[in-house]
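**Student:** First the structure, then my questions, so here it is.
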Amino acid sequence: MRQSIYIIVLFLLACGKNKDGQEPTILSLKEMSDLATVEYTVTKIIKASDNKTWFKIGDRKILMSCEAHIKAGIDMSGINKNNFKIRDKTIEVTLPSPKIISLSIPPEGVKTEYEEVSVFRDKFTTRDRDALAAQAETQIRNSVDSLGILLQAKVNTSFFVTNFLKKLGYENISINYNGNSFFNQMQ
């Protein structure tokens, strides 16, 4: 639901008149810079245990959860007139591949779910917890492809750009990402 609201708001902003009262042009897409078209909230579970240390008596274990917010989309700032091939009411658009725009783990999203520390051991420090959260962030970044977030960003961007171009009067629209055809819409 949240991602469709972003698309609708962006669509309305993009299709309205600009400051000079003129209708938008194709290159006004460039003004959107980082166009975020999808946002995911992911929870990562982290567990750690260091009872394998030979010189310490006892063990300690921790189970933490991290809630991460990931935004993905397209960097529109690099597009120019060469990204568009126009013939009458037909347009072919080449866009850059989607990317992760932001990944944040707010402090309130990191929670200790379980912790067990032996009598002879020290509790997990803030530094230990921060290291585990950093490890979780790395694992989340590495799993972006399996989450399908970049593919969903392509789908949503294609939807957005297609509707934008329809408002400008184009009927046959083809969208490519770095030369690979992704979306064709013909009337």
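**Student:** What residues have an amide H closer than 5 Å to that of Ser33, excluding those fewer than 5 places away on the same chain, when H is modeled at 1.01 Å from N in the peptide plane?
**Tutor:** The list, which skips near neighbours in sequence, is Met76, Ser77.
**Student:** Let me ask you something else. Once the other residues with Cβ under 14 Å from the Cβ of Phe159 are scored (Lys, Arg +1; Asp, Glu -1), what is the net sum? Could you put the intermediate results ahead of the total?
**Tutor:** Numbers: positive: Lys154, Lys166, Lys167; negative: none.
Taking every other residue near Phe159 into account, the sum is +3.
**Student:** Ok, one more. Which of Lys99/Lys167; Lys85/Lys167; Lys47/Lys99 have a Cα-Cα distance over 23 Å? Spell out each step's value before the answer.
**Tutor:** Values: Lys99/Lys167 26 Å; Lys85/Lys167 17 Å; Lys47/Lys99 29 Å.
Too far apart for the 23 Å limit: Lys99/Lys167; Lys47/Lys99.
Here, each number is a calculation from the coordinates, and none is a lab measurement. Predicted, not measured: the structure shown is a model, and the values here were computed from it. Counting neighbours? That spans all protein chains shown, and the Cβs are built from the backbone with ideal geometry, glycine included.
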